[in-house]
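J.: Structure in structure tokens, see below.
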Amino acid sequence: MGTFRYEYADSLEKVTIQTVAGEIECVGASYNGVPFLVEEVTSNGGRNIVSAALPFTNQHVNEDTGKILRQFPMKFYLVGSDVNKKLADLEEAFNTEGAFELVHPYYGKFKVRCGPYTVTYTTAVQEYVTGEVTFIPEVDPKKSARSVVDLKGQAAMKAQKALEDSSSSFKQNFNILQKARNTINSVSSAVSSALDAVESARQTMRDVSGFVNEISRIRSNIGLLLQTPGDFAARFQDLFTMTKETFGLGGGFVDYVNESLVLMDSVEFDGGSMVADSLSDMVRRMALMSAAAMATKSVVECSFSSSQELDDVHDRFAAAFERARNKVDSVDDYMALADMESTALKYIREEVSKLPVIVDLPLLASRDAITVCYDCYGNLDKLEEIIERNGIFDPMVINRESLKVLSK
């Protein structure tokens, strides 16, 4: 598309025409080779900005969602004894599918598509028609093609950054030295409650001695560990991000997601004005952000057998992150949560299109699982999946009206 050139606009020949409002000065323009007159033209641009208020604060955050669709509205005029012929030609051009050349009085020549238009007839003035039309610039797909984004890698990086930022903030701001005994006891109680929540939620790790022993060591030395915030933060976050794979054992990332979402929901901030309240909320903040980071890192590592399973995780993930954003009073935390959520959900939405859906396969007579599997897929690779999904006790005799199978 051209750029505005004053010297070009000033060089255009101007035409004075008579309208119901009096005489106006116009210049020529054309679309798809059909000419018309315009008095003035407008254009728009800028960025789409979505604003969201932070709950319980006087602050808000802005999210840039991309460029506004560029448009060029025009008010056009047709005059002369052959105005009906001119209008018919112009309407035919407007209604023709495709992108055509617009000769714009200020931006020059460029390809556009015709959007909505209206025509106004005035009985008071013969041989005169006016109307409004909107043109939308055409974009070359080759020039606008976007490179493939590694959403999985982006989600992992954003989760890691959230972990590092919450740890760094805790180390910089948490200080329990020379605090009153009741303050230390109150903060220790908050840490103990957080450890209880971790121990309860992380069912997959309860048979891993390294995980169980680390919780016991932290619980036995809470007061001492809190005197060195950096060491405490590292060991505390490990409880949220530790996996069975760390110990050479097989785990399940879907379970890690579920556990992390439970931990996110378990965090409740005190919000009190006492020193102990503020220090305890720093611990809770690190717990929330650590759980959110673990949920994000795990969800992009999950394997799903059907789109329905993935949809379920998508919905629970989105709901938990929305609840978490409503808890925080820090702009940085709010933005970090929103950033992790949006990247992870984009990845999930891309993955769902690749997955099969669960469908009902009607059975007209007694069947066995082997022939059903072969009829559906042409092989027996999903035989165990059919038996497990439908809770079949005797694979050789199936007396049911239908079975749930994958579409591919």
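J.: How fast does the chain diffuse by Stokes-Einstein, in µm²/s, taking the Kirkwood radius from C-alpha pairs at 25 °C and 0.890 mPa s?
T.: Numbers: Rh = 27.5 Å.
Taking Rh from Cα pairs, D becomes 89 µm²/s.
J.: What FRET efficiency, computed as 1/(1 + (r/R0)^6) with R0 = 35 Å and r the Cβ-Cβ distance, is obtained for ASN44 and ALA88, rounded to the nearest 0.05?
T.: Working: r = 30 Å, r/R0 = 0.85.
After rounding to 0.05, the efficiency reads 0.70.
J.: While we're on this one: Let's see if you can work this out: charge +1 on each Lys and Arg Cβ, -1 on each Asp and Glu Cβ, no other charges. What is the dipole magnitude of the chain about its Cα centre, in debye to the nearest 20? Could the numbers behind the result be given before it?
T.: On the way: 42 positive and 58 negative charges, 196 e Å.
The calculated dipole for the chain is roughly 940 debye.
J.: Follow-up. Using 1/(1 + (r/R0)^6) with R0 = 56 angstrom and r between the beta carbons of ARG235 and ILE68, what's the FRET efficiency to the nearest 0.05? Kindly include the intermediate steps, with their values, before the conclusion.
T.: Values: r = 48 Å, r/R0 = 0.86.
According to the calculation, E is roughly 0.70.
J.: Another question, then. Springs between alpha-carbon pairs under 10 angstrom, Gaussian network model over the chain: which of LYS152, LYS346, LYS85 fluctuates most?
T.: In this elastic network of the chain, the residue with the biggest mean-square fluctuation among LYS152, LYS346, LYS85 is LYS85.
J.: What is the distance, in nm, between label points placed 7 Å from the Cα along the Cα-to-Cβ direction at ASP277 and at SER330?
T.: Reported label-point gap for ASP277 and SER330 is 1.9 nm.
J.: Round to the nearest 10 and give me the degree value, 0 to 90, for the angle of helix 307-327's Cα axis relative to the longest principal axis of the chain.
T.: Between helix and principal axis, roughly 90 degrees.
J.: So what's the gap between the Cα centers of segment 272-326 and segment 101-121, to the nearest angstrom?
T.: After rounding, the separation between the Cα centres reads 49 Å.
J.: Hey, another quick one. For the pair MET396/VAL212, report the inter-label distance in nm, with labels modelled 7 Å from Cα in the Cβ direction.
T.: 4.3 nm
J.: Just the Kirkwood number for segment 151-352, please: inverse of mean 1/r across all distinct Cα pairs, in Å, one decimal. All intermediate terms of the calculation are to be shown ahead of the outcome.
T.: Values: mean 1/r = 0.0581 Å⁻¹.
Value: 17.2 Å, from the Cα pair sum.
Bear in mind these aren't lab numbers, they're just calculated from the coordinates by the rules spelled out. In this text the structure is predicted, and so the values were computed from the model without any measurement. As a convention, Cβ positions derive from the backbone with ideal geometry for all residues, glycine included, and neighbour counts pool all protein chains shown.
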